[in-house]
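I have placed the structure first, in the form of structure tokens, so that the comments after it can refer back to it.
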Amino acid sequence: MANKALATRQRMMLRVDPVPVKPRNPFAGFAKQRAAGSHAKPLSSERQAAKRALKKVKLTPDEE
């Protein structure tokens, strides 16, 4: 009950200095511009895709 008058008339405010903003990395933009595209798929994934495609195709004997 000791701070009743302080709570109604004026509120205590803690002042905090603003935190200085850290500057952005100037080299990040250059690195982003020259970034390489997607790499080639590994040979194993191409092999697996070919195997799956073979299983989907129905093989029929050629008529001679």
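Scanning the stretch 49-64 for residues that are in a helix (DSSP H, G or I) and open to solvent by 100 Å² or more (accessible area, probe 1.4 Å) gives LYS51, ARG52, LEU54, LYS55, LYS56. Within this structure, ARG24 fails the test of being at pLDDT below 80, of a type outside the set (Val, Ile, Thr), open to solvent by 100 Å² or more (accessible area, probe 1.4 Å) and part of a loop (DSSP other than H, G, I, E, B).
The values are calculated or read from the model by the stated rules, or taken from the named source; none is laboratory data. Just so you know, these numbers come straight off a predicted model, no measurement behind them. In case anyone asks, the SASA skips ligands and DNA or RNA and just uses the protein heavy atoms, side chains included. Shrake-Rupley method; radii C 1.70, N 1.55, O 1.52, S 1.80 Å.
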